[in-house]
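**Q** If you scroll down you'll find the structure; I have some questions about it.
The values are calculated or read from the model by the stated rules, or taken from the named source; none is laboratory data. All of these numbers come straight from a predicted model, not from anything done at the bench. We place every Cβ from the backbone using ideal geometry, glycine too, and count neighbours over all the protein chains shown.
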């Protein structure tokens, strides 16, 4: 795959050992970069870090602000740093949130000026920051703090402790509304808690949880999401705690990375990183890939020592809508982006840490590789980093407002596009699909959700807004399109009625609102053939 170096940024003034956070902190529709240096001078296997210094840059490499001063004695970190970028006060602007030695700080994202400071509930309650919607308000505003392995504190919207929990909580708890009641559950290590901190079910595994993911293994939304946990083994559970499988062919599953790496195969594949030997000069790790039934597809036979590798999923890097496995810090082995057959599609030019996101909001992400001296930004195509797709504040994606070095996360709805109306609505091939479908004469009725997905993605509409529909969940595959449709006035009201069949008259109304075109869409229920005909008329 051809890749393009878009920008090189000097970060030598930020101090050593920084990690990167990404988010739209100044409201211009593009992601900015915040390099965060931790404190040091202790063994972070046992004690949590605080933030020593944070330095913000725009995509031109201009420094926007700095909080604190770099410590020349710090060289790095082996655990999380307690920081996030997120609109925690729901005012429409993203803040920079971090724990420093004497408290929890909320900084204005645009200026770096202090907005508020709050006491920590415990002197060690700063291993990481998790943001969740434990109270069901519709906008996650509950901060969860923890010590290294044994205790966490859940805060209300006034930063007061609501409840605490003690147990085997692992590295980074992951919040997710598993039961669809509008309130996040918290997967805290080997314990699944409700929004009140009560244990719903537990995971039977030794050691501690290194990473946690939520995904739909069989890609059948009717049976709910699955919880996937990497620790001594890799395990998968139903949303309500029934064991699906246990993969025991690893020593320690340090990273797991679900994705559609082989689109022609049924279900979701899970990539991962096994810490085979984790001792000194002879340490060794290896990448593996299993299918949704936990059957081995690939297992790396590493011949050279090295056990610092990190693996995660990157979505739509090449613009095809597919997932790839991103592997870096390989200690002498090639690092880069790999397909589902573990063939490299992009080898990184130097050893370093890696982040990825869609920097300008046009739907296709970039990769940022960095070390103590520089950042290099790479893309699968040439783009202008000065021109955002939408020139106003972008809401922070959950993957980035709950970022952890252990790369726990959840699969986004667009990664399950295989079964929906366009085949894969993240790609640019809607017109060929529409032409085939219009000729085939398929008379299957189309739902309101699927037509909105088709219209928004077919026309390339971009807008960022909140979910105003009471019958749309964040995990629904059509949620992003519904938000865009609401923001642009294509769909109105407090209910979307996503599963209702759309009428031809309703479709014509949405088309007019979307692009000003008046089309004769027929009468009665809209069929796939008719929907395809509409898209042919709009796109040709």
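**Q** Can you tell me which residue is nearest to residue 126 (Cα to Cα) among those in segment 84-96 that are without any contact (Cβ under 8 Å) to a residue 60 or more places away in the chain and surrounded by fewer than 22 Cβ atoms within 10 Å (Cβ to Cβ)?
**A** Within segment 84-96, the match that is nearest to residue 126 (Cα to Cα) is 89.
**Q** Checking the conditions here, which among 514, 482 is buried (at least 19 other Cβ atoms within 10 Å of the Cβ), assigned to a helix (DSSP H, G or I), in contact with a helix residue (DSSP H, G or I) (Cβ under 8 Å, 6 or more places away or on another chain) and touching a residue at least 40 places away in the same chain (Cβ under 8 Å)?
**A** On the way: 482 fails: touching a residue at least 40 places away in the same chain (Cβ under 8 Å).
Selected residue: 514, the only one of 514, 482 that is buried (at least 19 other Cβ atoms within 10 Å of the Cβ), assigned to a helix (DSSP H, G or I), in contact with a helix residue (DSSP H, G or I) (Cβ under 8 Å, 6 or more places away or on another chain) and touching a residue at least 40 places away in the same chain (Cβ under 8 Å).
**Q** In the list 112, 61, 76, which residue meets the criterion of being part of a loop (DSSP other than H, G, I, E, B), at pLDDT below 95 and farther than 26 Å from residue 472 by Cα? Reasoning before the result, please.
**A** Numbers: 112 fails: at pLDDT below 95; 61 fails: at pLDDT below 95.
One residue alone meets the criteria, 76.
**Q** Right, residue 293: in contact with a strand residue (DSSP E or B) (Cβ under 8 Å, 6 or more places away or on another chain), surrounded by fewer than 22 Cβ atoms within 10 Å (Cβ to Cβ) and part of a loop (DSSP other than H, G, I, E, B) or not?
**A** Details: in contact with a strand residue (DSSP E or B) (Cβ under 8 Å, 6 or more places away or on another chain): yes; surrounded by fewer than 22 Cβ atoms within 10 Å (Cβ to Cβ): yes; part of a loop (DSSP other than H, G, I, E, B): yes.
So residue 293 fits the description; yes.
**Q** Here's something else I'd like to know. Is it true that residue 196 is surrounded by fewer than 23 Cβ atoms within 10 Å (Cβ to Cβ), over 22 Å from residue 413 (Cβ atoms) and free of Cβ contacts under 8 Å to residues at least 24 places away in the same chain?
**A** Working: surrounded by fewer than 23 Cβ atoms within 10 Å (Cβ to Cβ): yes; over 22 Å from residue 413 (Cβ atoms): yes; free of Cβ contacts under 8 Å to residues at least 24 places away in the same chain: no.
Here the answer is no, as residue 196 does not meet what is asked.
**Q** Let me ask something else. Step by step: first the residues of segment 216-236, then only those that are closer than 12 Å to residue 294 by Cα and without any contact (Cβ under 8 Å) to a residue 40 or more places away in the chain, then the one that is surrounded by the most Cβ atoms within 10 Å (Cβ to Cβ). Which residue is that? Don't jump to the end; show me each part of the working.
**A** Going residue by residue through segment 216-236, those that are closer than 12 Å to residue 294 by Cα are 217-218, 228, 233-236.
Okay, now just the ones that are also without any contact (Cβ under 8 Å) to a residue 40 or more places away in the chain, so 233, 235.
Working: 233: 20, 235: 24.
Here the answer is 235.
**Q** Condition (residue is without any contact (Cβ under 8 Å) to a residue 24 or more places away in the chain and either touching a helix residue (DSSP H, G or I) at 6+ places or on another chain (Cβ under 7 Å) or assigned to a strand (DSSP E or B) (or both)) applied to segment 2-9: is it met by at least one residue?
**A** The first filter runs over segment 2-9 and keeps only residues without any contact (Cβ under 8 Å) to a residue 24 or more places away in the chain, leaving none.
No, the conditions are met nowhere in segment 2-9.
**Q** Also, I was wondering about something else. Return yes when residue 392 is in contact with a strand residue (DSSP E or B) (Cβ under 8 Å, 6 or more places away or on another chain), modelled with pLDDT under 95 and either assigned to a loop (DSSP other than H, G, I, E, B) or surrounded by 22 or more Cβ atoms within 10 Å (Cβ to Cβ) (or both) and no when it is not. If you could, list the steps in order and put the result at the bottom.
**A** Numbers: in contact with a strand residue (DSSP E or B) (Cβ under 8 Å, 6 or more places away or on another chain): no; modelled with pLDDT under 95: yes; either assigned to a loop (DSSP other than H, G, I, E, B) or surrounded by 22 or more Cβ atoms within 10 Å (Cβ to Cβ) (or both): yes.
Against the criterion (in contact with a strand residue (DSSP E or B) (Cβ under 8 Å, 6 or more places away or on another chain), modelled with pLDDT under 95 and either assigned to a loop (DSSP other than H, G, I, E, B) or surrounded by 22 or more Cβ atoms within 10 Å (Cβ to Cβ) (or both)), residue 392 does not qualify.
**Q** (1) free of Cβ contacts under 8 Å to residues at least 60 places away in the same chain; (2) part of a loop (DSSP other than H, G, I, E, B): which one isn't true of residue 474, the others all being true?
**A** The one condition residue 474 does not meet is (1).
**Q** Restricting to segment 20-41, give me the number of residues that are within 21 Å of residue 114 (Cα to Cα) and either outside any loop (DSSP other than H, G, I, E, B) or out of contact with any strand residue (DSSP E or B) (no Cβ under 8 Å at 6 or more places or on another chain) (or both).
**A** Residues in segment 20-41 being within 21 Å of residue 114 (Cα to Cα) and either outside any loop (DSSP other than H, G, I, E, B) or out of contact with any strand residue (DSSP E or B) (no Cβ under 8 Å at 6 or more places or on another chain) (or both): 13 in total.
**Q** Sticking with this one: Does residue 203 fit the bill of being surrounded by fewer than 23 Cβ atoms within 10 Å (Cβ to Cβ) and in contact with a helix residue (DSSP H, G or I) (Cβ under 6 Å, 6 or more places away or on another chain)? Step through it out loud before you land on a result.
**A** Numbers: surrounded by fewer than 23 Cβ atoms within 10 Å (Cβ to Cβ): yes; in contact with a helix residue (DSSP H, G or I) (Cβ under 6 Å, 6 or more places away or on another chain): no.
Taking the combined requirement at face value, the residue does not satisfy it.
**Q** Of all residues in segment 361-377, how many are assigned to a strand (DSSP E or B) and surrounded by fewer than 18 Cβ atoms within 10 Å (Cβ to Cβ)?
**A** First, pick out the residues of segment 361-377 that are assigned to a strand (DSSP E or B): 366-370, 374-377.
Those still in the list that are surrounded by fewer than 18 Cβ atoms within 10 Å (Cβ to Cβ) too: 374.
Number satisfying all stated conditions: 1.
**Q** Right, residue 52: part of a strand (DSSP E or B), modelled with pLDDT of 95 or more, under 22 Å from residue 405 (Cβ atoms) and more than 23 Å from the chain's Cα centre (by Cα) or not? Lay out the reasoning, then the answer.
**A** Numbers: part of a strand (DSSP E or B): yes; modelled with pLDDT of 95 or more: yes; under 22 Å from residue 405 (Cβ atoms): yes; more than 23 Å from the chain's Cα centre (by Cα): yes.
Judged against the criteria, residue 52 is a match.
**Q** Next question, about the same structure. Return yes when residue 382 is out of contact with any helix residue (DSSP H, G or I) (no Cβ under 7 Å at 6 or more places or on another chain), at pLDDT 95 or above and either part of a strand (DSSP E or B) or over 30 Å from residue 446 (Cβ atoms) (or both) and no when it is not.
**A** Working: out of contact with any helix residue (DSSP H, G or I) (no Cβ under 7 Å at 6 or more places or on another chain): yes; at pLDDT 95 or above: yes; either part of a strand (DSSP E or B) or over 30 Å from residue 446 (Cβ atoms) (or both): yes.
Yes: the conditions hold for residue 382.
**Q** Any chance you could count how many residues in segment 351-360 are part of a loop (DSSP other than H, G, I, E, B) and crowded, with 17+ Cβ neighbours inside 10 Å? Let's see the steps before the verdict.
**A** Residues of segment 351-360 part of a loop (DSSP other than H, G, I, E, B): 351-352, 358-360.
Next, only the ones that are crowded, with 17+ Cβ neighbours inside 10 Å stay: 352, 358-360.
So the count comes out to 4.
**Q** Can you pull out the residues in segment 296-329 that are surrounded by fewer than 21 Cβ atoms within 10 Å (Cβ to Cβ), at pLDDT below 90 and either farther than 24 Å from residue 265 by Cα or over 22 Å from the mean Cα position of the chain (by Cα) (or both)?
**A** 301, 302, 303, 304, 305, 306, 308
**Q** Considering only segment 126-154, state which residues are in contact with a strand residue (DSSP E or B) (Cβ under 9 Å, 6 or more places away or on another chain), in a loop (DSSP other than H, G, I, E, B) and without any contact (Cβ under 8 Å) to a residue 40 or more places away in the chain.
**A** Passing the criteria: only 150.
**Q** Taking the criterion of being buried (at least 19 other Cβ atoms within 10 Å of the Cβ), in contact with a strand residue (DSSP E or B) (Cβ under 7 Å, 6 or more places away or on another chain) and touching a residue at least 60 places away in the same chain (Cβ under 8 Å), would at least one residue in segment 105-112 satisfy it?
**A** Yes, segment 105-112 has at least one match.
**Q** Pick out the one residue from 270, 244, 262 that is assigned to a strand (DSSP E or B), touching a strand residue (DSSP E or B) at 6+ places or on another chain (Cβ under 7 Å) and closer than 30 Å to residue 359 by Cα. Even if it seems obvious, please write down each step before you answer.
**A** Working: 244 fails: closer than 30 Å to residue 359 by Cα; 262 fails: assigned to a strand (DSSP E or B).
Step by step, each of 270, 244, 262 is checked, and only 270 is assigned to a strand (DSSP E or B), touching a strand residue (DSSP E or B) at 6+ places or on another chain (Cβ under 7 Å) and closer than 30 Å to residue 359 by Cα.
**Q** Now a separate question. If I filter segment 30-49 down to residues being under 30 Å from residue 391 (Cβ atoms) and over 18 Å from the mean Cα position of the chain (by Cα), which single residue comes out as surrounded by the fewest Cβ atoms within 10 Å (Cβ to Cβ)?
**A** Of the residues in segment 30-49, the ones under 30 Å from residue 391 (Cβ atoms) are 30-36.
Now restrict to residues that are over 18 Å from the mean Cα position of the chain (by Cα): 35-36.
Details: 35: 24, 36: 26.
Step by step, filter segment 30-49, then rank; the result is 35.
**Q** Quick test of your reading of the structure: residue 450 fulfils all but one of (1) under 18 Å from residue 538 (Cβ atoms); (2) part of a helix (DSSP H, G or I); (3) within 22 Å of the chain's Cα centre (by Cα); (4) at pLDDT below 90. Name the failing condition by number.
**A** So the condition that residue 450 fails would be (3).
**Q** Considering only residues of segment 160-182 that are surrounded by fewer than 18 Cβ atoms within 10 Å (Cβ to Cβ) and in contact (Cβ under 8 Å) with a residue 40 or more places away in the chain, which is nearest to residue 115 (Cα to Cα)? Before the answer, list the steps.
**A** Step one: of segment 160-182, the residues surrounded by fewer than 18 Cβ atoms within 10 Å (Cβ to Cβ) are 160-164, 166-167, 179-182.
Subsequent filtering for residues that are in contact (Cβ under 8 Å) with a residue 40 or more places away in the chain retains 161, 164, 179-182.
Values: 161: 20, 164: 26, 179: 35, 180: 34, 181: 33, 182: 29 Å.
Ranking the candidates gives 161 first.
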